[in-house]
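Before any comments, here is the structure.
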Amino acid sequence: MTERPVDPDVDLRVPAQRSEVRWQVVAVIAAGGALGALSRHAIQAALPAGPGDFQWATFLINLSGCLLIGVLMVAITEVWQPHPLVRPFLGVGVLGGYTTFSTYAVDVQRAINAHAPVTGLAYLVATMLGALAAVTVGMWLARRAARTWTRAR
């Protein structure tokens, strides 16, 4: 029996949709989320910044996470067919726990409240443009690596 992936739009309030939730999926997301959050915490602890400063740790975390999301999505949708728990573990768990766009929003608000609106605006724009570019570059790199690997075989 092939296990179907869980639809990300499952509404647990609808009884007919509850059967799509598999506890092993919930467990791998939780485990991955813990690993991702611990990694994020370590980076933020290594690169502290004040409320009016450019938040380099969060910026680097979100851009590197977006790059990895681009690589992962190409790898699991175009290159190989992984075990059904790989996407929830890596994509939702690890990278979801690692990236932190909620902290990014709070950082922008903190910069504005610290009377550093230019820093807040620069951080706001740089993160959005950088995140989009990072996903695109990650996808491009993964596709290029896959083509090179395929030719080498």
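Couple of notes before you dig in:
- When the chymotrypsin sites (Phe, Trp or Tyr not before Pro) in segment 20-92 are filtered for DSSP coil states and for at most 11 other beta-carbon atoms within 10 Å of their beta-carbon, the remaining sites are Trp80.
- Summing Lys and Arg as +1 and Asp and Glu as -1 over all other residues whose Cβ lies under 14 Å from the Cβ of Ala145 gives a net charge of +4.
- Taking all protein chains into account, the per residue accessible area for the chain stands at 63 Å² (1.4 Å probe).
- Using C-alpha pairs below 8 Å separated by at least 6 residues, the relative contact order for segment 29-139 is 46 percent.
- Student exercise, the chain dipole from Lys, Arg, Asp, Glu Cβ charges, in Debye to nearest 20: 500 debye
- Here's the picture: charge each Lys and Arg Cβ at +1 and each Asp and Glu Cβ at -1 in the chain, and of His41, Asn62, Gln81 the one pushed furthest to the positive end of that dipole is Gln81.
- Under the span-like rule (Cα at least 24 Å along the axis, Kyte-Doolittle mean at least 1.0), DSSP H helices of the chain: 23-46, 56-74
- Within the accessible area of the chain, the carbon and sulfur atoms contribute 67%, probe 1.4 Å, all protein chains present.
- Distance from the C-alpha centroid of segment 84-152 to that of segment 26-40: 17 Å, rounded to the whole angstrom.
- Considering helices alone, the calculated mean residue ellipticity of the chain at 222 nm is -22000 deg cm²/dmol, with DSSP H runs of length four and up weighted by -39500 (n - 2.57) and normalised per residue.
- Using a Förster distance of 41 Å, the FRET efficiency for Arg22-Asn113 (Cβ separation, nearest 0.05): 0.45
The values are calculated or read from the model by the stated rules, or taken from the named source; none is laboratory data. Just so we're clear, the structure is a prediction, and the values are computed from it rather than from any experiment. Backbone-built Cβ (ideal geometry, glycine too); neighbour counts: all protein chains shown. Keep in mind that these areas ignore ligands, DNA and RNA; they rest on the heavy atoms of the full protein, side chains included. Shrake-Rupley method; radii C 1.70, N 1.55, O 1.52, S 1.80 Å.
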